[in-house]
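**Q** This structure is in structure tokens; I'll ask about it shortly.
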Protein chains: 2
Amino acid sequence: MKIYGDLKSGNCLKVKWVCDALASPYQWVAVDTMKGDTRTPEFLALNPAGQVPVVVLDDGRPLAQSNAIIRYLARDSDLLPRDPYLAARMDEWLFWEQYSHEPYIAVCRYQMLYLGKPAAARDPAKVERGHAALALMDRHLADSRFLVGPDCSLADVALLAYSRVAPEGGFALDGYPAVRRWIADAERALGVAPLA
Amino acid sequence: MKIYGDLKSGNCLKVKWVCDALASPYQWVAVDTMKGDTRTPEFLALNPAGQVPVVVLDDGRPLAQSNAIIRYLARDSDLLPRDPYLAARMDEWLFWEQYSHEPYIAVCRYQMLYLGKPAAARDPAKVERGHAALALMDRHLADSRFLVGPDCSLADVALLAYSRVAPEGGFALDGYPAVRRWIADAERALGVAPLA
């Protein structure tokens, strides 16, 4: 399998982490979104939405959308709960991540890390909603080791991606002790090296 | 099962349509988001994100996020492809819907239909991205009867919800003939009455 991705992108790292945790072999194809690599006809044929990550299976079939990819790759593993209700609670977090977390925290990080803007230039509405997302997670994680029950699941993979680098988007994690505890636990469970 | 929802909300209608298509019994609990019904302690206990739809299963367990709910309810039905790759392609559309379609088309519709704003007051960036979403769907549907292969799936449920009412958000569908053809096919397949 090939993974087309950018190692600074949390969405791309989700796919790498799952492959590494499951010891699934892959070839990483570095894509530079800032240089237009995702706007070429070849790339758009793989993903008309023009976004990374994209995987191409060994039989040539493509798949896009980070959370759809990790759900497919982990379908027979312990990262996806067997119990249908627990799997649904995991899906709840996956969709919440893409609607209520990524558009605020990852987008602010993008503006600072990729575009070089200062924290003060962030959209105040995005800052407020990003903090609301972290606060919701912190309340939940105060009573729960991982996001869905006692074991690490794809919900933790998906939320770890941008929560751990939230400070790069100007979101200090000092006020979210349960999130900080969970980041360490999730990194350990997934075999992801902590940030320096 | 109880469905807490608002019949004007596409996200809520997704859940109703799936239950109706599968002949699954439910009790509809009308929630008025404009009157603060989703901000009460009782509602936030069901969904800390304070959003509809929420379902409460017969054993009392709650589930939120429209696409997570329909994925759970339809898990053993023909609306969810048995083939893992086709299921993953369906998931790709579900996540794309929440990230690249709903935040533009549904949000513009919300501003016009719920808040009474004129079309001219819409954020130009949201208008542009909403049209980009419809254009992507139109190109795909020119060659495909439904979004994932020959049969109606949850991908069609999820995208039908706000595509059919896009004109209420100021997005005329005249320029998207494949989307218009597909709306009629998806409504027929799901037993959803066309809009007057």
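Each value in this text was obtained by applying a stated rule to the coordinates, not by laboratory testing. None of these values were measured; they are calculated from a predicted model. Ideal geometry is used to build each Cβ from the backbone, glycine not excepted, and the neighbour counts take in all protein chains shown.
**Q** Just the Cα atoms of the stretch A:42-196, one point each, no solvent: what log10 I(q)/I(0) does Debye give at q = 0.14, 0.19 Å⁻¹?
**A** One equal scatterer on each Cα of the stretch A:42-196 leads to -0.75, -1.25.
**Q** Still on this structure, I have one more. Excluding A:Gln111 itself, what net charge comes from residues whose Cβ is under 14 Å from its Cβ, given Lys and Arg +1 and Asp and Glu -1?
**A** +2
**Q** Just add up the charged neighbours of A:Leu173: K/R +1, D/E -1, any other residue whose Cβ is under 12 Å from the Cβ of A:Leu173.
**A** 0
**Q** Provide the net charge surrounding A:Tyr162, with neighbours chosen by a C-beta distance below 10 Å and charges set as Lys +1, Arg +1, Asp -1, Glu -1.
**A** 0
**Q** Quick check: convex hull over the Cα atoms of the stretch B:1-115, volume per residue in Å³, rounded to an integer?
**A** Hull volume normalised by residue count: 106 Å³.
**Q** Here's something else I'd like to know. Taking Cα pairs under 8 Å and at least six residues apart, what relative contact order does the stretch A:84-190 come out at, in percent?
**A** Once divided by the residue count of the stretch A:84-190, the mean separation gives 35 percent.
**Q** Cα-Cα pairs above 14 Å in the stretch A:115-185: how many percent?
**A** Every Cα pair in the stretch A:115-185 considered, those over 14 Å come to 60 percent.
**Q** List the distances, in nm and shortest first, from the label point of B:Ala135 to the matching label points in every other copy, placing each point 7 Å from Cα along the Cα-to-Cβ direction.
**A** 3.9
**Q** Another question about this same structure. With N residues in the stretch A:153-196, what two-decimal value do you get for its Cα radius of gyration over 2.2 N^0.38 Å?
**A** 1.07
**Q** If I take R0 = 51 Å and measure r between the Cβ atoms of B:Ser24 and A:Met34 in this structure, what FRET efficiency does the formula 1/(1 + (r/R0)^6) give, to the nearest 0.05?
**A** 0.60
**Q** Suppose a student asked you for the relative contact order of chain A, using Cα pairs under 8 Å spaced at least 6 residues apart; what percent would you report?
**A** RCO, chain A: 21 percent.
**Q** Could you point to the residue in B:Tyr72, B:Ile3, B:Val56 farthest towards the positive end of the stretch B:2-73's charge dipole, with +1 and -1 charges on the Cβ of Lys/Arg and Asp/Glu respectively?
**A** B:Tyr72
**Q** Hey, for A:Met1 with labels 7 Å out along Cα-Cβ, what do the inter-copy distances come to in nm, ordered shortest first?
**A** 2.9
**Q** Under a Cβ-only charge scheme (Lys and Arg +1, Asp and Glu -1), can you give me the dipole magnitude of the stretch B:2-73 about the Cα centre, in debye to the nearest 20?
**A** Using only the charged Cβ atoms, the result is roughly 180 debye.
**Q** Now for a separate question. Can you tell me the relative contact order of the stretch B:2-73? Whole percent, Cα pairs under 8 Å, sequence separation 6 or more.
**A** With pairs under 8 Å counted, the relative contact order is 36 percent.
**Q** Could you state the principal axis extents of the C-alpha atoms in the protein assembly as shown, from the largest down, to the nearest angstrom?
**A** Reported extents, whole Å, longest axis first: 59, 51, 44.
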